[in-house]
Amino acid sequence: MLAKSLISKMNAADRSKVRDGAGYCTLVFGGIAYWNYRERLHKEFKRSEAHYRLSRMIENMTPWKQLYFSWWRMPKETFNVYHRFKPYYILGQLDQTKEVLLPKKNAQGADGFDVINPLYCYEGGKTSFRELINGGDPVIVERAALIVNRGWIPASLRDKRSRPEEVNSRKLVRLTGVFRAGKDIHDYKVPNNPDNNDWHNLALEDIGIFWDLPNWDEAKYYYFHCTAVPGGSNSGCGAATPLAPDELVDDHYGWRWSEHTHNKFEKCFGAASLGMLAITYFAL
């Protein structure tokens, strides 16, 4: 081998330097390869778990009166165990006169927007502890709404007039997807400015108050994200494209690199580490 031949011609001092440098490189490259190996396994497990959950039977989770106390303020652990990545469908009237567009690039890097609308349920409500204390009905039935992310549209469809198929009506629509937890309003780095219709993040409390939803205090905890799950129907998505399952997983965990990228780095740095180990051996 060329490396072995060159090393054999060096004096003892130079061989010692090559040995030490190659040894350190072996440890560094090996550590990077091992870290990518662990990340690949971690993400493969998370993705397979999500796909398993998404493959379950789709159930109706349209909010109804008896659901309010158990759903809207459930502990985070309960949501993660029973509802995270669980496919549901909801029925209601989609109000397309109220719309928020959030800037977002799709998986291919194209500019566009996520389309957010309220969906009014056929049986809704909001909780009232004052009524409960006074002996009344703790759940007030009103025309309550869910905040729904219908999916992604390209930047060319930002003007609503370019989406003539999205006509507001009173008919019930069926949307299929998953419930996702909203973040605290103070977790976002760039604030929204509803006065100028300038939106940067999915702050559910901001959107609920902006739309004057009667149940905005309940709707600020979870929202519905339309997803293209097997056997699902999204008759109300219009021009918006629902998330694919893999896109949902990447978006949920905020992954910049997929497990395929980690696999490439793992092989690359693993091979480099073996090469440095061979040089270390030749320099002994």
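The values are calculated or read from the model by the stated rules, or taken from the named source; none is laboratory data. Just so we're clear, the structure is a prediction, and the values are computed from it rather than from any experiment. A quick note on method: Cβ atoms are made from the backbone with ideal geometry, for glycine too, and the neighbour counts reach across all protein chains shown. Note: accessible area is taken over every heavy atom of the protein model, side chains too, but ligands, DNA and RNA are not part of it. Shrake-Rupley method; radii C 1.70, N 1.55, O 1.52, S 1.80 Å.
List of remarks:
- Only residues that are closer than 25 Å to Phe224 by Cβ, open to solvent by 20 Å² or more (accessible area, probe 1.4 Å) and either modelled with pLDDT of 85 or more or of a type in the set (A, V, I, L, M, F, W, C) (or both) were counted across the range 124-158, and they come to 7.
- Close pairs (6 angstrom Cβ cut-off, 6 or more residues apart or separate chains): at negative phi and of a type in the set (Val, Ile, Thr) in the range 242-259, modelled with pLDDT of 90 or more and assigned to a helix (DSSP H, G or I) anywhere: Val249/Arg47; Val249/Ala50
- Meets criteria (without any contact (Cβ under 8 Å) to a residue 12 or more places away in the chain, open to solvent by less than 60 Å² (accessible area, probe 1.4 Å) and under 22 Å from Trp35 (Cβ atoms)) for Thr280: no
- Across the range 81-102, the number of residues qualifying as open to solvent by 50 Å² or more (accessible area, probe 1.4 Å) and under 18 Å from Leu204 (Cβ atoms) comes to 1.
Residue-wise test of (1) at positive phi; (2) assigned to a strand (DSSP E or B); (3) modelled with pLDDT of 90 or more.
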site: Phe85; (1), (2), (3): yes, no, yes
site: Leu91; (1), (2), (3): no, yes, no
site: Leu101; (1), (2), (3): no, yes, yes
site: Ala107; (1), (2), (3): no, no, no
site: Tyr120; (1), (2), (3): no, yes, no
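- Matching option when the condition is under 27 Å from Arg163 (Cβ atoms) and within 20 Å of the chain's Cα centre (by Cα), among Asp246, Asp187, Asp195, Asp212: Asp246
- On the stretch given as the range 245-276, residues that are open to solvent by less than 40 Å² (accessible area, probe 1.4 Å) and not acidic (Asp, Glu) total 9.
- Lys160 among the charged types (D, E, K, R) and more than 20 Å from the chain's Cα centre (by Cα): yes
- Test result for Thr62, at pLDDT below 90, in a loop (DSSP other than H, G, I, E, B) and in contact with a strand residue (DSSP E or B) (Cβ under 6 Å, 6 or more places away or on another chain): yes
- Residues located in the range 214-230, provided they are among the small types (Gly, Ala, Ser) and under 12 Å from Ala145 (Cβ atoms): Ala219
- Residues that are buried (at least 17 other Cβ atoms within 10 Å of the Cβ), modelled with pLDDT of 70 or more, of a type in the set (Asp, Glu) and assigned to a helix (DSSP H, G or I) do occur in the range 22-42.
- Wholly enclosed helices (runs of 4 or more DSSP H) of the range 186-264 bearing at least 2 residues of a type in the set (A, V, I, L, M, F, W, C), closer than 21 Å to Gln93 by Cα and modelled with pLDDT under 90: 216-219
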